Amino acid sequence: MTVVANVQQCFTSLKGIENQLSIMALNSNDEDARRVFHKSMLTISDIKKDLQDRILVLQREEPQYQSK
């Protein structure tokens with residue numbers, strides 16, 4: 001598996017985590033827990049953006065993604 005494939009797999013996992021945190025925030029009856037879930041979801045969103053940027057860089061660097 002290439003580096004970019006590993007990073008993409010991590011990105012996909014983070015999307016699932018972000019979705020779960022969103023669901024937990026919406027379903028929580030405790031306001032403090034809701035805030036924590038929401039804050040965690042926003043943190044994951046920031047990490048996803050960084051990973052997406054890194055994926056673009058890796059795709060430019062890895063030979064199999066370069067135009068011939």
Segment 5-16: number of residues that are touching a helix residue (DSSP H, G or I) at 6+ places or on another chain (Cβ under 8 Å) and open to solvent by 80 Å² or more (accessible area, probe 1.4 Å): 1
Segment 24-38 residues that are without any contact (Cβ under 8 Å) to a residue 40 or more places away in the chain, paired with ones that are hydroxyl-bearing (Ser, Thr, Tyr) (beta carbon under 7 Å, 6 or more apart): Arg34/Ser28; Phe37/Ser28
Segment 20-45, residues that are surrounded by 15 or more Cβ atoms within 10 Å (Cβ to Cβ) and more than 25 Å from Cys10 (Cβ to Cβ): Ser28, Arg34
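The values are calculated or read from the model by the stated rules, or taken from the named source; none is laboratory data. Nothing here was measured: the structure is a model prediction, and the numbers come from that model. For neighbour counting, all protein chains shown are included, and Cβ atoms are generated from backbone atoms with ideal geometry for every residue, glycine included. Ligands, DNA and RNA are stripped out before the accessible areas are found, and what is left, the full protein with its side chains, is counted by its heavy atoms. Shrake-Rupley method; radii C 1.70, N 1.55, O 1.52, S 1.80 Å.
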